[in-house]
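Q: Once you've had a glance at the structure underneath, I'll fire off some questions.
The values are calculated or read from the model by the stated rules, or taken from the named source; none is laboratory data. The shown structure was predicted, so the numbers you read here are calculated from the model rather than taken from an experiment. Here the Cβ positions follow ideal geometry from the backbone for every residue, glycine too, while neighbour counts run over all protein chains shown. Surface areas here come from the heavy atoms of the whole protein model, side chains and all, with no ligands, DNA or RNA. Shrake-Rupley method; radii C 1.70, N 1.55, O 1.52, S 1.80 Å.
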Amino acid sequence: MAQIIDGKLVSKKILENLSDEILFLAQKPCLAVIIVGNDSASKIYVNLKKKKALELGIESIVVEMPETVSQEELLEKIEQLNNDKKVNAILVQLPLPQHIDTKIILEKITPLKDVDCFHPYNTGHIAAGTKPYVYPCTPKGIIRLLEYYNIPVEGKHAVVIGRSNIVGRPLAQMLLNENATVTICHSRTKNLEEITKTADILISAVGQRNLIKANMVKDDVVVIDVGMNRTEDNKLCGDVDFYNVEKKASFITPVPGGVGPMTICSLMQNTFDLYKLQNKNQVT
Ligand code: NAD
C-alpha cells in the first residue's frame, strides 16, 4: 500500500507560516485577478482565490470585464495594473474569449508581477535552467510535495504526461533542473504504457479519468495525479485508477486533496514572493 501524499496537510503548513509572515507587514501584498466573461467554472476558481487571499491577509482585487471586452481594453487594464504600485501580482483567469489573443495578453503582464509564470521572461528562465521571478503554481506545488516527503528526484526517471504551458511543459523542465531524467508524453505519444512502466516518478496532467491503470506502472512508483475529472455521480477524480494503482505505488496523491490544494497555496506564496521582490528594502 502506498503512502498518501497529503496536499491538504502540506499546504496548510505552508500557508500557516505565510500567514504569520504577512501578519506583521504594515502594507499587505496585493493580488489582482482579471476575469473576462461569465464562465461559471472560472468564477468559482476566482472566488476560491479571493477567499484564500482574504484568510491570509493578502489583499485581492477582482477586475470583472464583459465577454465583449476588446483586446485593447484588456491590454489597457493590464497596463494600469502593471503601473499600480499597490498591486504586486497579476493573474488573468483563462480561458479568454476567442476574439482575444491569449499570448499577447499574457506577455503584457510585467514579468515581476507575473504570478502564474506565463511571460516568456519567466518561462525562458525555467527552460534555461536559471531562476524565474516565481515558478508556475501547479508545478511548484508538485515539487514542494516531493520535497516534503523526501522523495529523491535526482537520477530518477520522471515521466510527465501532458505538455500544456500551465503544467506539463514547465514541470518537465523543473524536474530536469532537479537532475531527473525526464520523458514527456502527450496525445501523439505511441505506446504510452511502455513508457509509463519505466517511470520511477509518474505525473499525469491530462484530464482523462482512468488513463493510468495498475498494469501501466511498476512496483514502488511515485504517482502524482494532476488530473481533475468527474465520475458518473459527479465526484471529483483524477487521471489515475487510484484504488488499484495505490496497491503498487510507494507514494500517491489522492484527488481531491493532493495537487489541488498545493496550486492555490503556490499562488499565495508567489504573491508574497513578488511582494518581497518589489519591496526588498522594507522586508527584513
Ligand atoms: P490541457 O488540456 O491543456 O493539456 C492536456 C495534455 O494532455 C495535452 O498536452 C495533451 O497532449 C495530453 N493528452 C491528451 N490526451 C492524452 C492521452 N491520451 N495520452 C497522453 N497525453 C494526452 O490540460 P492542462 O491545463 O494541462 O490540465 C490537465 C489536467 O490537469 C486537467 O484535468 C486539469 O483540470 C488539471 N489541472 C489540475 C490542476 C490542479 O491544481 N489540480 C491545475 C491545472 C490543471
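Q: Under a 5 Å amide H to amide H cut-off, with H placed in plane at 1.01 Å, what residues pair with ASN229 once short-range neighbours are removed?
A: Amide H neighbours of ASN229, under 5 Å, 5+ apart: CYS237, GLY238.
Q: Sticking with this structure for a sec: Between exposed GluC sites (Glu not before Pro) in the chain, where DSSP calls loop and at most 13 other Cβ atoms lie within 10 Å, what's the longest gap?
A: Result, exposed sites excluded: 68-153.
Q: Kindly express, to the nearest 10 degrees and within the range 0 to 90, the angle between helix 40-56's C-alpha long axis and the longest C-alpha principal axis of the chain.
A: The helix 40-56 is inclined about 70 degrees to the chain.
Q: Okay, next question. Straight-line reach from LYS43: which aspartates and glutamates have a Cα under 15 Å away, not including same-chain ones fewer than 8 places off?
A: In chain and number order, the partners are GLU64, GLU67.
Q: Can you give me the angle between helix 71-83 and the longest principal axis of the chain, using Cα atoms only, in degrees from 0 to 90, rounded to the nearest 10?
A: 80 degrees
Q: Over its Cα atoms, what ratio of radius of gyration to 2.2 N^0.38 Å does the chain give? Before the final figure, lay out each step's value.
A: Details: Rg = 19.1 Å, N = 284, 2.2 N^0.38 = 18.8 Å.
My calculation over the Cα atoms of the chain gives 1.01.
Q: Distance check, please: which entries in LYS108/LYS235; LYS8/LYS156; LYS49/LYS156 exceed 30 angstrom between their Cα atoms?
A: Over 30 Å apart, Cα to Cα: LYS108/LYS235; LYS49/LYS156.
Q: Normalising by the residue count of the chain, find the relative contact order in percent from Cα pairs under 8 Å and 6+ residues apart.
A: 22 percent
Q: Among THR102, THR231, THR263, determine the one that fluctuates most according to a GNM of the chain built with springs between C-alpha atoms less than 10 Å apart.
A: THR231
Q: Would you mind telling me the share, in percent, of accessible area of the range 47-200 contributed by carbon and sulfur at probe 1.4 angstrom?
A: 50 percent
Q: Divide by every residue of the chain the summed helix terms, -39500 (n - 2.57) for each DSSP H run of at least 4, and state the resulting mean residue ellipticity at 222 nm, rounded to the nearest 500 deg cm²/dmol.
A: Values: 10 runs with 114 residues, N = 284.
After summing the helix terms and dividing by residue count, I get -12500 deg cm²/dmol.
Q: Which residue, GLY124, GLY141, GLY227, has the most motion in a Gaussian network model of the chain that connects Cα atoms within less than 10 Å?
A: GLY124
Q: Moving on. If I fit a long axis through the Cα atoms of helix 168-177 and take the longest principal axis of the Cα atoms of the chain, what angle between them do I get, 0 to 90°, rounded to 10?
A: So the helix axis and the longest Cα principal axis differ by about 80 degrees.
Q: For LYS280, which lysines qualify as cross-link partners when the Cα separation must be under 16 Å and same-chain residues fewer than eight apart are set aside?
A: Within reach: LYS28, LYS85, LYS86, LYS113.
Q: If you roll a 1.4 Å probe over the range 229-284 with all protein chains in place, what percent of the accessible area is carbon or sulfur?
A: Within the range 229-284, the accessible surface is 51 percent carbon and sulfur.
Q: Another one. Can you give me the C-alpha center-to-center distance between the range 177-237 and the range 68-94, rounded to a whole angstrom?
A: The two parts, judged by their Cα centres, are 36 Å apart.
Q: Can you list residues whose amide H is under 5 Å from THR181's amide H, if they're 5+ apart or on another chain and H is modeled 1.01 Å from N?
A: HN-HN under 5 Å from THR181: GLY155, LYS156, HIS157, ALA158.
Q: What are the ³J(HN,Hα) couplings of the range 180-185, residue after residue, when phi is run through the Karplus curve with 6.51, -1.76, 1.60 and θ = phi - 60°? Round to Hz, x for glycine and proline.
A: 7, 8, 10, 10, 9, 10
Q: Which trypsin sites (Lys or Arg not before Pro) from the range 69-108 combine a DSSP loop assignment with at most 10 other Cβ atoms within 10 Å?
A: Hits after loop and neighbour filter: LYS85.
Q: Additional query: Just tell me which lysines come within less than 17 Å, Cα to Cα, of LYS247; anything on the same chain fewer than 8 places away is out.
A: Output for LYS247: LYS197, LYS213, LYS218.
Q: Moving to a separate point now. Pairwise over distinct Cα atoms, reciprocal of the mean inverse distance: report the Kirkwood radius of the range 75-199 in Å, one decimal place.
A: It works out to 16.0 Å.
Q: With contacts defined as alpha carbon pairs under 8 Å and 6 or more residues apart, what's the relative contact order of the range 27-112 in percent?
A: Relative CO of the range 27-112 lands at 41 percent.
Q: Now a separate question. Which trypsin sites (Lys or Arg not before Pro) in the range 162-193 sit in a loop by DSSP (not H, G, I, E or B) and have at most 11 other Cβ atoms within 10 Å of their own Cβ?
A: ARG188, LYS190
Q: Give me the percent of DSSP beta bridges within the chain that run antiparallel, rounded to the nearest 5.
A: Of those bridges, close to 5 percent are antiparallel.
Q: Suppose we keep just the DSSP beta bridges with both residues in the range 137-261; what percent of those would be antiparallel, to 5?
A: Here the antiparallel bridges make up roughly 10 percent for the range 137-261.
Q: With all protein chains present, calculate the accessible area of HIS157 using a 1.4 Å probe and round the result to the nearest 10 Å².
A: Roll a 1.4 Å probe over it and HIS157 shows about 40 Å².
Q: So, for the range 1-154, what is the accessible surface per residue at a probe of 1.4 Å, expressed in square angstrom?
A: Using a 1.4 Å probe on heavy atoms only, each residue of the range 1-154 averages 52 Å².
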